[in-house]
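A.B. asks: Quick one: this structure, given as structure tokens, is what I'll be asking you about.
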Amino acid sequence: ELRERLGEGATGGPRLRYLAEPEPRGTAGAIKFAEEHLGERFLALNGDVLADLDLGALVRAHEERGARATLGLHPVDDASAYGLVRTGEGGEITEFLEKPQPGDGEGSGDINAGAYVLERALLEEIPADRAVSIEREVFPRLVGRGLFGLPLPGYWLDIGTPARYLQASWDVLEGRVRTAVEPRPDAVLVAPGAAVADGARVGPRAVVGDRCRVASGARIEDSVLLAGCRIGEGARVSSSILAPGAKVAPGASLEGAVVGEGEKVSGS
């Protein structure tokens with residue numbers, strides 16, 4: 001899907017090359033798989049986050065410190081889903097604290113933001129032809145050996161759950177993160193190729209994708225409808241995500257649902 005949407009990259013921008021491991025190799029194994037295409041210094045970025053962090057500052061800090069690896073860090077109030085990263089006064093990473101739980105007294109702090117500047121020599125630390133985690137197997141071995149972190153202000157959100165995917169959508173449309181999308185009134189985006197009937201209500205907070213059809217009397221709020229969805233008369237869709245081609249029958253009601261591609265939701 002990424003290859004289909006992005007192609008070889010936009011004119012005047014970076015050119016894109018796609019490499020897919022024959023089987024999942026983990027976050028470090030995937031980088032090792034791409035070894036022959038990497039330079040002496042490179043960025044490795046997680047693809048499941050929405051962020052506007054200053055990667056230029058990360059590269060500059062890496063160069064100034066002569067680091068082997070530099071991790072972008074980001075402050076959070078609740079690190080229980082991520083784990084904390086401890087640093088010394090000079091930015092050197094001293095400890096990784098795995099997913100502290102409420103009551104540990106370690107609930108807030110800097111987490112690994114999934115943005116790294118790496119030296120090519122670091123690839124020697126990664127075994128070939130097997131799954132390897134850069135977070136659990138590689139970085140902990142580098143503590144005290146040229147591993148640094150840099151807190152980066154700005155917006156950062158892991159979009160790996162339906163709730164956070166929806167939150168990311170509203171943050172884009174409400175302008176809380178810097179993107180190419182102009183903020184929209186009531187955080188509502190209706191694609192030019194979509195059709196919303198008179199008497200239907202869309203928003204606050206809604207995305208209606210291309211070729212969607214929303215019938216009269218339907219109500220869409222706090223939800224994302226991807227391309228080609230059909231919403232019947234009087235149906236209500238709230239806090240939900242509908243994959244392409246999903247259909248909701250007249251009078252049906254959805255709340256907090258994730259509907260798969262082409263699935264049909266019957267009425268009550």
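The values are calculated or read from the model by the stated rules, or taken from the named source; none is laboratory data. Since the structure is predicted, the reported quantities are computational estimates derived from the model, not experimental observations. All Cβ positions, even for glycine, are placed from backbone atoms using ideal geometry, and neighbour counts span all protein chains on display. We work out accessible area using only protein heavy atoms, side chains counted, and drop any ligands, DNA or RNA first. Shrake-Rupley method; radii C 1.70, N 1.55, O 1.52, S 1.80 Å.
A.B. asks: With θ set to phi - 60°, apply the Karplus curve 6.51 cos²θ - 1.76 cosθ + 1.60 along the stretch 216-224 and write out the HN-Hα couplings as whole Hz, x wherever there is a Gly or Pro.
C.D. replies: 4, x, 6, 10, 10, 8, 6, 9, 10
A.B. asks: Quick one: net charge around Gly154, please, counting Lys, Arg +1 and Asp, Glu -1 for every other residue with C-beta under 15 Å from its C-beta. Write out the running numbers ahead of the final one.
C.D. replies: Values: positive: Arg176, Arg178; negative: Asp52, Asp54, Asp110, Asp158, Asp171.
Combined, the nearby Lys, Arg, Asp and Glu give -3.
A.B. asks: Turning to a different aspect of this structure: Once amide H atoms are placed 1.01 Å from N in the peptide plane, what residues at a sequence separation of 5 or more from Arg41, or on another chain, have their amide H within under 5 Å of its amide H?
C.D. replies: Placed amide hydrogens put Arg120 under 5 Å from Arg41.
A.B. asks: I'd like the Karplus ³J(HN,Hα) series for the stretch 10-15: coefficients 6.51, -1.76, 1.60, θ = phi - 60°, whole numbers in Hz, and an x wherever there's a Gly or Pro.
C.D. replies: For the stretch 10-15, the Karplus curve yields 6, 4, x, x, x, 7 Hz.
A.B. asks: Also, quick follow-up: Considering only protein heavy atoms, with the full assembly of protein chains and a 1.4 angstrom probe, order His37, His62 by accessible area, largest first. Walk me through the numbers before you get to the answer.
C.D. replies: Values: His37 80, His62 0 Å².
Ranking His37, His62 by accessible area, largest first, yields His37, His62.
A.B. asks: Using alpha-carbon pairs under 8 Å, 6+ residues apart, how would you state the relative contact order of the stretch 1-138 in percent?
C.D. replies: 34 percent
A.B. asks: Write down the accessible area per residue of the stretch 41-162 in Å², having rolled a 1.4 Å probe over the full set of protein chains. Walk me through the numbers on the way to the answer.
C.D. replies: Numbers: 5910 Å² over 122 residues.
It amounts to 48 Å² per residue over the stretch 41-162.
A.B. asks: If I compute log10 I(q)/I(0) by the Debye sum over Cα atoms at q = 0.10, 0.11, 0.15 Å⁻¹ from the structure I just sent, which labelled value in (i) -0.56, -0.68, -1.25; (ii) -0.66, -0.77, -1.13; (iii) -0.49, -0.59, -1.10 lines up?
C.D. replies: Derived directly from the coordinates: (ii).
A.B. asks: Express the carbon and sulfur contribution to the solvent-accessible surface of the chain as a percent, rounded to the nearest whole number, probe 1.4 angstrom.
C.D. replies: Of the solvent-accessible surface of the chain, carbon and sulfur hold 50 percent.
A.B. asks: Which loop trypsin sites (Lys or Arg not before Pro) in the stretch 5-69, with loop taken from DSSP, have no more than 16 other Cβ atoms within 10 angstrom of their Cβ?
C.D. replies: Within the stretch 5-69, the qualifying trypsin sites (Lys or Arg not before Pro) (loop, at most 16 other Cβ atoms within 10 Å) are Arg15, Arg17.
A.B. asks: Near the amide H of Ser239, under 5 Å away, which other amide H atoms are found, from residues 5 or more places off or on another chain, if H is placed in the peptide plane?
C.D. replies: Under 5 Å from the amide H of Ser239 lie the amide H atoms of Glu221, Asp222, Ser223, Gly256, each far enough along the sequence or on another chain.
A.B. asks: In addition: So, taking all protein chains as they sit and a 1.4 Å probe, how much accessible area belongs to Asp129, in Å² rounded to tens?
C.D. replies: 120 Å²
A.B. asks: Summing -39500 (n - 2.57) over the DSSP H runs of n ≥ 4 in the chain and dividing by its residue number, what mean residue ellipticity at 222 nm do you reach, to the nearest 500 deg cm²/dmol? Could the numbers behind the result be given before it?
C.D. replies: Working: 5 runs with 40 residues, N = 268.
Value at 222 nm, helices only: -4000 deg cm²/dmol.
A.B. asks: May I ask for the distance between the Cα centers of the stretch 191-251 and the stretch 29-46, given as a whole number of Å?
C.D. replies: Taking the Cα centre of each part, the stretch 191-251 and the stretch 29-46 sit 41 Å apart.
A.B. asks: In addition: Treating only the Cα positions of the stretch 198-268 as identical point scatterers, give the base-10 log of I(q)/I(0) from the Debye formula at each q in 0.25, 0.26 Å⁻¹.
C.D. replies: Debye curve over Cα of the stretch 198-268, log10 I(q)/I(0) at q = 0.25, 0.26 Å⁻¹: -1.09, -1.19.
A.B. asks: Would you mind getting the accessible area per residue of the stretch 208-268, heavy atoms of the protein chains only, 1.4 Å probe, in Å²?
C.D. replies: 43 Å²
A.B. asks: Continuing with the same structure: Roughly what % antiparallel, to the nearest 5, for the DSSP beta bridges in the chain?
C.D. replies: Percent antiparallel among DSSP bridges in the chain is about 40.
A.B. asks: Now a separate question. Nearest 0.05, what FRET efficiency do Glu40 and Thr179 give at R0 = 35 Å with Cβ-Cβ as r?
C.D. replies: Details: r = 31 Å, r/R0 = 0.89.
Approximately 0.65, to the nearest 0.05.
A.B. asks: Would you look at the GNM of the chain, springs on alpha carbons closer than 10 Å, and say which of Leu19, Leu226, Leu254 moves the most?
C.D. replies: Leu19
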